[in-house]
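A.B. asks: Quick one: this structure, given as structure tokens, is what I'll be asking you about.
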Amino acid sequence: MPDRLRKWNGWGYEGEGIPAERIARWLKEIGPWLRISPEDHRPPVPLESLSIPPPRLSLEIPGFKGSLLTTPYERALHAAGRSFGDLVRLRTGRDLRFPDVVAYPEDEDDLLRLLEVAERRSIALIPYGGGTSVVGGVEPEVPPGFHGAIAVDLTRMNRIRFIDPIGLRVRVQTGIRGPDLEEALRGEGLAFRLYPQSFQMSTLGGWIAARAAGHFSTAWGRIEHRVESLRLITPRGVLETREVPASASGPDLRAWMIGSEGAFGFLTEAVVRAVRPPIAKQVGGFRFPAFSAGLEAMRRILQAGLAPAVLRLLDEYEVAINAALAGRPLEPGALLHLSMEIEDPEESHRVEAEWRSALRWIERTGGVPAIEAVETWKQAYFEQPYWRDVLIDFGLLLDTVETAVPWPRVEETVRAVRERLMEAIDRWSTAGGVMCRVTHGYPDGCALYFTFFAHPPREALWEAWRDLQRTALQTFLDCGGTVTHHHGTGRDFRSFLIAEHGPLAMDVLRSVKRTMDPMGMMNPGVLVPVERTGASG
């Protein structure tokens, strides 16, 4: 992809965003309900008005081939991720921490030089890919005893090492962005097809570090199912797993790297499993009288052994909001999005057979066709991150959290999360709501993805967001779920890890961290609390 200037305080690239006429229509349709008007708009603060302190570091690294930058734009771009709370701080200029230097290494030798300097001078290193973390995963934290922080942007380490069309394997540097990976594979008649919502900007390394899932993960698997081998550059040396499809020689070391969020070192290369692009597909939308009926259809489809490329269910509330935003008439009910694909030309008949099998369960549980509603949702899905920027400027709160639970606990979890979030919203706002969709399904359970919105006092926007977020996470745990299905934990969710995994598991994580990163300089504050174990001065 050609280089484009990323927004330092918003989602996407300069020139992208929601058109003014769409915002005007949104204000007309939903503004009265949320009690907002055009006069409520406050533009984001300009870059030149930020209070960016001078760098605490002056770096000259002999032999370093990449770039070491200290411009206001680069430091602001790498000051935070892209959670709702991050964007509030970026767009208002509040409570920001800036890296002292932004490093763009060209290769592993550059990384080794950075590690040597960081250890010698007590500098924190923050691995940075696309910067799309929504859990505080790239915050330039400087623990006590450290002298500064370097954001290490890995996007120049983006080369394809080899493509194996026979084994459907690709060895690639992990700084490659999603669109560039797909383009490289397309020339070989292959694809990767993970497609998280952050696809345009996020990197393969970020997907691996945060245990990501994507739009087609119900069929092709989450990122941990797509990784054959990994290479990790740590302060103690190089850790690399073998390029084998499976192994029983002890615990799976890949599992310690996948989801490690930069706490142990730099993920530099991966061998990943590609797929062949589909040659035939069936896509449809189906409306159900109630969310519970759609859940039953999903469970039956998955437990029948079918593996749809997409199987997503939107509750009645999200369907209504999407219809209003698109200017379509409201048709009540929940909406199921179903897509079946096949990549082998000689097996194209299987799509029809599997589609008919899925339709039987949909019809038995009360589903009726509704394809136009699916097109409305698809547009809203990829636009949602851009809408957050708009909402913040109007003083509105909107964010998402997700969990995963077994099927017997799904409906109780939805009820409990909705009730507790609405109680929390009432503490801050007279208008708000909670929506739920099922994003990924398994034979034994599913991922529940909640969207909540409110209109708190503008000066309390960040505090209200954090309160609602923490309310949802605690409810997930109370219902027996996980605090995240596909976004990692970063710094924002870290305090919930001990409740989910227990103190012994956290002791194991600390031991691994001490072994790979004795000084604690790699992305301090993620996975485990900052634990200063010594420095060279």
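A.B. asks: Go through 299-306, 221-228 and give me the packing order, highest mean Cβ count within 10 Å leading.
C.D. replies: Order by mean packing, descending: 221-228, 299-306.
A.B. asks: With the crude spin-label approximation of a point 7 Å out along Cα→Cβ, what separation in nm comes out for F162 versus E108?
C.D. replies: Output for this residue pair reads 1.5 nm.
A.B. asks: Would you mind putting 464-473, 106-115 in packing order, based on average other-beta-carbon counts within 10 Å, highest first?
C.D. replies: Going by the mean number of other Cβ atoms within 10 Å, highest first, we get 464-473, 106-115.
A.B. asks: Further question: State the three equivalent ellipsoid semi-axes of the range 69-139, derived from the C-alpha gyration tensor as the square roots of 5 times its eigenvalues, in descending order and whole Å.
C.D. replies: Square roots of five times the eigenvalues give 24, 12, 11 Å.
A.B. asks: Please give, to one decimal in nm, the separation of the simple spin-label points placed at R35 and T71, each 7 Å out from Cα toward the Cβ.
C.D. replies: Between R35 and T71, the label points sit 4.4 nm apart.
A.B. asks: Rounded to the nearest angstrom and ordered from largest down, what semi-axes does the equivalent ellipsoid of the range 58-99 get from its C-alpha gyration tensor (root of 5λ)?
C.D. replies: After diagonalising the Cα gyration tensor, the semi-axes are 27, 10, 7 Å.
A.B. asks: Right, something else. Please report, in whole Å³, the volume per residue of the convex hull around the C-alpha atoms of the chain.
C.D. replies: 151
A.B. asks: Next up: P(r) for the range 277-414, please, calculated from all Cα pair distances in 5 Å bins and given in %.
C.D. replies: Spelled out per bin, shortest first, that is 2, 9, 17, 19, 18, 16, 10, 5, 2, 1, 0.
A.B. asks: Also: Find, to one decimal place in angstroms, the Kirkwood hydrodynamic radius of the range 107-240, where the mean of 1/r is taken over every pair of different Cα atoms and then inverted.
C.D. replies: 16.1
A.B. asks: What number in nm² do you get for the range 1-95 if you take the convex hull of its Cα atoms and divide its surface by four?
C.D. replies: Value for the range 1-95: 9.0 nm².
A.B. asks: With each run of n ≥ 4 DSSP H residues scored as -39500 (n - 2.57), what mean residue ellipticity at 222 nm is computed for the chain after dividing by its residue count and rounding to the nearest 500 deg cm²/dmol?
C.D. replies: -11000 deg cm²/dmol
A.B. asks: Under 19 Å from the Cα of K7, which aspartates and glutamates turn up, not counting those fewer than eight places away in the same chain?
C.D. replies: Partners found: E16, E48, E74, D86, D95, E139, D153, E383, D389, D393.
A.B. asks: In percent, how large is the relative contact order of the range 94-143, given Cα pairs closer than 8 Å and 6 or more residues apart?
C.D. replies: Once divided by the residue count of the range 94-143, the mean separation gives 39 percent.
A.B. asks: Taking 7 Å along the Cα-to-C-beta vector as the label spot, tell me the R4-A353 distance in nanometres, rounded to one decimal.
C.D. replies: It works out to 4.3 nm between the two label points.
A.B. asks: Let me ask something else about it. What FRET efficiency would be calculated for the residue pair R415, L504, taking the C-beta separation as r and a Förster radius of 35 Å, to the nearest 0.05?
C.D. replies: It comes to 0.60.
A.B. asks: Any chance you could run the full-extension gain for R273 through I18? It's 0.36 nm times the residue separation minus the Cα-Cα distance, nm to one decimal.
C.D. replies: Taking R273 through I18 to full extension adds about 88.3 nm, to one decimal.
A.B. asks: For the range 216-358, evaluate the Debye formula with one uniform point scatterer on each Cα (no solvent term) and list log10 I(q)/I(0) at q = 0.12, 0.17, 0.19 Å⁻¹, rounded to two decimals.
C.D. replies: One equal scatterer on each Cα of the range 216-358 leads to -0.73, -0.97, -1.05.
A.B. asks: How big is the gap, in Å, between the Cα center of the range 348-416 and the Cα center of the range 51-110?
C.D. replies: 36
A.B. asks: Need one number: % antiparallel among DSSP beta bridges in the chain, to the nearest 5.
C.D. replies: The antiparallel proportion sits near 90 percent.
A.B. asks: Can you tell me which of 36-46, 401-411 comes out highest on packing, and rank the rest after it, using the mean Cβ neighbours within 10 Å?
C.D. replies: 401-411, 36-46
A.B. asks: Roughly speaking, what is the centre-to-centre gap between the range 150-228 and the range 254-287 when only Cα atoms are used, to the nearest Å?
C.D. replies: 6
A.B. asks: Let me ask something additional. Kindly report, to the nearest 10 Å², the accessible surface of C446 as traced by a 1.4 Å probe over protein heavy atoms only.
C.D. replies: Surface accessible to solvent at C446 totals approximately 0 Å².
A.B. asks: Just to be sure I understand the curve: with the Debye formula and one point per C-alpha of the range 25-165, what is log10 I(q)/I(0) at q = 0.13, 0.17 Å⁻¹?
C.D. replies: Evaluating at q = 0.13, 0.17 Å⁻¹ gives log10 I(q)/I(0) of -0.65, -0.95.
A.B. asks: Sticking with this one: For the range 126-204, what does the relative contact order come out to in percent, with C-alpha contacts under 8 Å and a separation of six or more?
C.D. replies: After rounding, I find 30 percent.
A.B. asks: Cα-based Rg (one decimal) and Dmax (whole number) for the range 266-346, in Å?
C.D. replies: Expressed in Å, the Cα Rg and Dmax of the range 266-346 come to 16.9, 50.
A.B. asks: Using only the Cα atoms of the range 178-290, what do you get for the radius of gyration and for Dmax, in Å?
C.D. replies: Gyration radius and largest Cα-Cα distance of the range 178-290: 16.1, 58 Å.
A.B. asks: Find the eigenvalues of the gyration tensor of the Cα atoms of the range 28-83, then list the square roots of 5 times those eigenvalues as equivalent ellipsoid semi-axes, largest first, in whole angstrom.
C.D. replies: 41, 13, 8
A.B. asks: Relative contact order for the chain: what is it in percent, counting Cα pairs under 8 Å that are at least 6 residues apart?
C.D. replies: 16
A.B. asks: Next question, about the same structure. In debye, nearest 20, what is the charge dipole magnitude of the range 284-362 about its Cα centre with +1 on Lys and Arg Cβ and -1 on Asp and Glu Cβ, if you could check?
C.D. replies: So the dipole magnitude of the range 284-362 works out to roughly 340 debye.
The values are calculated or read from the model by the stated rules, or taken from the named source; none is laboratory data. Keep in mind it's a predicted model, so treat the numbers as computed, not measured. With ideal geometry, Cβ positions are generated from the backbone for all residues, glycine too; neighbour counts draw on all protein chains shown. All accessible areas refer to the heavy atoms of the entire protein, side chains included, with ligands and DNA or RNA removed. Shrake-Rupley method; radii C 1.70, N 1.55, O 1.52, S 1.80 Å.
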